[in-house]
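Below: the structure, in structure tokens.
Values quoted throughout were computed directly from the atomic coordinates according to the rules given, and no laboratory measurement underlies them. Small disclaimer: the values here were computed from a predicted structure and weren't measured. FYI the Cβ positions are ideal-geometry reconstructions off the backbone, even for glycines, and counts take in every protein chain you see.
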Amino acid sequence: MLLGVIFGYIMTLLPWGKSFTTDWVAPIGTIFINLLKLIAVPLILASLIKGISDLKDISKFKSIGGRTIIIYILTTVIAIIIGLTLVNIFQPGASITESTVEKLTQTYASNSKINNRISEASRQKNMGPLQFLVDMVPQNAIASMSNNKLMLQVIFFAIFLGLSMLLIPEKESLPLKKFFDSLNSVVLKMVDLIMLTAPFAVFALLAQVIVTADDPDILLALLKYAGTVVLGLLLMIGVYVTIIAVYTKKSPIWFLKQISPAQLLAFSTSSSAATLPVTMERVEEHVGVDQEVSSFVLPVGATINMDGTSLYQAVAAVFIMQVLWPEGLTFSNQLNIVLTALLASIGSAAVPGAGMVMLVIVLESVGFPADRLAIGLALIFAIDRPLDMLRTTINVTGDATVATIVAKSVGKLGKPETKNWDDHL
């Protein structure tokens, strides 16, 4: 990562550096992310079906599922409250001058990505209150497996299939169970092999981020806002490790060390979904969470648990309002931000850029003037990519934390058993 940042910085100083990095270095990172996305669906399908079919008893699944959803909601609410508290204390919007607003507006307000995020948010907002449930149930399981954005549909199908296997005689479900057990082992070995290329890929990803970074002067103007978000994210890690230390009696330093490869990968890729195979491998083999728990908690978390993103939205929404609409900063509006950010996080995709779509929904929920929406997003767009990397890291840390807590609560947190890629070479 460090070498990638240094290399990227050197490339920005050379006239041919940006094009060289884009043409010859960035593709290595892209291939790596594609490989991780390639195995995400088979891994979720195999591990979830294996995990549920291993339970032998449907009541165990009910216990794991209920605890998972409740803890995910609680951690998300804590994250949003931390974000709102910090942004009201530090008032980062007060340090933004009119000239900075004008410069950011001219640079980004007509940006196609911003306009796409606004139109996508409008589409999601116009859906009915139960649309997320409709979207969760696939019409065609095979079609759902062909699109990583439809991860919830894959999870639904895997749970439905796994539970149905428990409800037929064991001898009839055994051949199918053996198939998914075998598939699960093979896909986990694929994760090991892909991770051998991780150092080179992370170098490429970070170099690309540096050469495509925005104007340093603009980034400096947004430093107080970025600092508020980063402080909130660090406090959220503090919340996680405190819960780990108090409830599971595990060392916080040990826990963070075990999941650090997943955290670094989340930082490099900005995608919880792409990081999911590695998160599952670290939590199962290095933390000691039983696959019965991790195979359900982690895929669901990658889809609905967005603690880092929700915290960022709380800070970003209030920051934009401090600059462009200070009269809208009422207590009721801030309470509305908590509720909307929570609901939006559940339906958000685990891919880069989803946070900004959620932010538009949050701002519209408090009546933010529609004509200033593009300007509001332009205010934070320049620094969104590095913050996206950081908040994805928190999302993944939250998933691993909840998996560990749920495993402990149902007696499924055991001794880690590490496997190496060349065990059977």
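What number, in percent, do you get for the relative contact order of the chain if the mean sequence gap of Cα pairs under 8 Å and at least 6 apart is divided by its residue count?
Computed value for the chain: 31 percent relative contact order.
How about region 200-272: which chymotrypsin sites (Phe, Trp or Tyr not before Pro) there are in a DSSP loop, with at most 10 other Cβ atoms within 10 Å of their Cβ?
Answer by residue number: there is no such site.
Any aspartates and glutamates with Cα under 19 Å of the residue 408 Cα? List them, leaving off those in the same chain fewer than 8 positions away.
54, 57, 281, 284, 285, 290, 292, 399, 417
Convert each backbone phi in region 277-292 into a coupling constant with the Karplus relation 6.51 cos²θ - 1.76 cosθ + 1.60 (shift: θ = phi - 60°), then list the ³J(HN,Hα) values in order as whole Hz, x for Gly and Pro.
Going residue by residue, I get x, 6, 4, 4, 5, 5, 5, 6, 8, 10, 9, x, 6, 5, 4, 4 Hz, with x marking Gly and Pro.
What whole-number distance in Å separates the alpha-carbon centres of region 121-160 and region 242-264?
32 Å
Would you work out if region 58-166 is rounded, prolate or oblate? Take a ≥ b ≥ c from the square roots of the eigenvalues of the alpha-carbon gyration tensor; rounded if a/c is under 1.5, else prolate when a/b is larger than b/c, oblate otherwise.
oblate
Sequence gap at least 6, Cα distance under 8 Å: using those rules, report the relative contact order of region 101-204 to the nearest whole percent.
Normalised by residue count, the contact order of region 101-204 is 12 percent.
Would you mind checking the pairs 37/178; 257/419; 37/224; 37/177; 224/249; 178/415 and listing those with alpha carbons more than 27 angstrom apart?
Flagged as over cut-off: 37/224; 224/249.
Multiply the residue separation of residue 98 and residue 235 by 0.36 nm, subtract the distance between their alpha-carbon atoms, and state the gained length in nm to one decimal.
46.2 nm
Determine the calculated [θ] at 222 nm for the chain from helices alone, applying -39500 (n - 2.57) to every DSSP H run no shorter than 4 residues and normalising by the residue count; nearest 500 deg cm²/dmol.
-25000 deg cm²/dmol
Could you tell me how far the Cα centroid of region 163-225 sits from the Cα centroid of region 19-96, in Å?
Comparing the Cα centres of region 19-96 and region 163-225, I get a distance of 10 Å.
For the chain, take the longest principal axis of its alpha carbons; what is the angle in degrees between that and the long axis of helix 151-166, to the nearest 10 within 0 to 90?
Long axis of 151-166 versus the principal axis of the chain: about 20 degrees.
How much net charge surrounds residue 44 when only other residues with a Cβ under 12 Å from its Cβ are counted (Lys, Arg +1; Asp, Glu -1)?
Local net charge: +2.
Would you please name the trypsin sites (Lys or Arg not before Pro) within region 1-72 that are DSSP coil residues with at most 16 other C-beta atoms within 10 Å of their C-beta?
Loop-located and lightly packed - 56.
From the phi angles alone, apply the Karplus equation (6.51, -1.76, 1.60; θ = phi - 60°) to region 320-336 and give each ³J(HN,Hα) in whole Hz, x where the residue is Gly or Pro.
Per residue, the Karplus-derived 3J(HN,Hα) values read 4, 5, 4, 7, 10, 8, x, 5, x, 7, 8, 4, 5, 5, 6, 5, 4 Hz.
Ordered by residue, what ³J(HN,Hα) values in Hz, to whole numbers, does region 105-121 give under the Karplus form 6.51 cos²θ - 1.76 cosθ + 1.60, where θ = phi - 60° and Gly and Pro are x?
With the stated coefficients, region 105-121 comes to 4, 5, 6, 10, 4, 9, 4, 5, 5, 5, 5, 5, 5, 5, 5, 5, 5 Hz.
Within 10 Å of each residue's Cβ, count the other Cβ atoms and sort 290, 384, 307 from fewest upward.
Neighbour counts put them in this order, fewest first: 290, 384, 307.
List the trypsin sites (Lys or Arg not before Pro) in region 224-316 that DSSP assigns to loop (not H, G, I, E or B) and whose Cβ has at most 16 other Cβ atoms within 10 Å. Which are they?
The qualifying sites are 249.
Once you have the Cα-Cα distance between residue 91 and residue 139, take 0.36 nm times their residue separation minus that, and quote the gain in nm to one decimal.
12.5 nm
What would the Debye formula give as log10 I(q)/I(0) at q = 0.05, 0.09, 0.11, 0.14 Å⁻¹ for the alpha-carbon point model of the chain, no solvent?
-0.17, -0.56, -0.84, -1.33
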